[in-house]
Structures are given as C-alpha cells and as structure tokens.
1. What percent do you get for the relative contact order of the chain when only Cα pairs under 8 Å and 6+ apart count?
2. Let me check I have the definition right: for the chain, take the eigenvalues of the Cα gyration tensor, multiply each by 5, take square roots. What are those semi-axes in whole Å, largest first?
3. Multiply the residue gap between residue 45 and residue 225 by 0.36 nm, knock off their C-alpha separation, and tell me the result in nm, one decimal place.
4. Taking the chain as a Gaussian network, where each spring joins two C-alpha atoms under 10 Å apart, which residue of 135, 71, 117 fluctuates the most?
5. Would you mind checking the tilt of helix 120-136 against the longest principal axis of the Cα atoms of the chain, expressed as 0 to 90 degrees and rounded to 10?
6. What does the extension gain come out to for residue 74 and residue 167, with contour length at 0.36 nm per residue minus their alpha carbon separation?
7. Most exposed first by the Cβ proxy, i.e. fewest other Cβ within 10 Å, how do 51, 178 rank?
8. If R0 is 22 Å, what FRET efficiency do you get for residue 177 and residue 209 from their C-beta distance, rounded to 0.05?
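Just so it is clear, none of the values below were taken in a lab; they were calculated from the coordinates. Nothing here was measured: the structure is a model prediction, and the numbers come from that model. In this analysis, Cβ positions are derived from the backbone assuming ideal geometry, glycine residues included, and neighbour counts consider all displayed protein chains.
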C-alpha cells in the first residue's frame, strides 16, 4: 500500500515534472535545484512513513536482525568495505563513460543513443539482479522499493545534482523531449492500473513490459543509428 500511495505517484510526478522542465531544451541550475528539493521532500516522506510502521513490521524486523551492536572492529571493517566500494563505483563509472563515448564515436551514433541503450542497460543490471534475488527469496517489497526508488532518485536527485554543475545548464536533445521522456512518463502512468489491479504484477503483465521495452529498443536501433 505504501508503494501505491507514495512511491508510484511520486515517480509519475517526477517524470511529468522532468518533461515540463526539459520542454525548452535546457535544464538550468534553478530547475536542477528544484528537482533536488523534490528528491529531499520524497526522502523525508519515506522516512516519516517508515517511522509509522505497524508494530507487526517492527517485530518482524526485530526477529530478523535482533538488537546486535557492532563492535569497534566490526564498524571499522564495514566502513573500510564501504570506502572500497565507493572507489570501485567511481572508477567503474569513469571507465563506463569513457567506453560509452568511444563506442559512440566508433559507431558514429549520438551520445544519447549510447546512454539510452548500453549505459542504461549496464547501470540497470545490478538492479535487475537485486530485484530477481529479492523476489526469489520472497522479499518482494525490497524488489519494488529498489526499482521505484532508484527511478525516483535518478530523476530528482542524480539529474538534479548534475544540473547544478554546468553554468549554462544541461542541453536536452529534441528526440529526448519529444520521444524518450514522454515514453518514460507513459510507462510510469501505465504502472498505475497494472499495480492497482489485484495489487499484483502477473507474468503476462511482466511479459508485456519486457516486450514493450524490446520494441522501444528496436526503435532506437532503427531510427537513431
């Protein structure tokens, strides 16, 4: 129910807001700041909802994780692994961008095409693995939260923060404004009836989404290369 009441409306609002802001072909610093503010508001809303979890949820969490406290050595080890993970992510992101740009030049296609295909699929792979493992283990709320949450943060926080760096904002290509962002908004709107109907996403509906993405990918390959 939290997904239906909070996360799903937010992803629709975020997609619609991005379409409106990008309609003039540029995302300015002020618009980036607006997106970041929306992301912060969403984060506060999620925290507020989490603090109001039912006693049943809190008891389940206590049974699963108990009241264990980390020792100083354990805390140091966890922080070290976190630091190593951040370094790996930053290094990997740098390699990913360099490789994507090189492929765009080699294939003589636009950077947007590479971003919409290879980079998008590559960066979504960890989310796909997380969602599948969570679903197989019966933790389907984690799968849904991961997918919807990452979509919201990609639009509001990641894109918003990125807009704060260039003085003249980020240019948004015509194809992105006329086709790709509206497709994203259309998918978000399509999720509403799919999620509400029985509060379950069937295999047939999942197959439809996969087929729709395959059709979109085919369109990109045919029209953008």
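1. Details: 134 pairs, mean separation 105.8, N = 225.
Once divided by the residue count of the chain, the mean separation gives 47 percent.
2. Result for the chain: semi-axes of 32, 24, 20 Å.
3. 60.6 nm
4. Judging by the Gaussian network model, the answer is 71.
5. Approximately 30 degrees, to the nearest ten.
6. Extra length from residue 74 to residue 167 when fully extended: 29.2 nm.
7. Details: 51 7, 178 11.
Listing 51, 178 from fewest to most nearby Cβ atoms yields 51, 178.
8. 0.40
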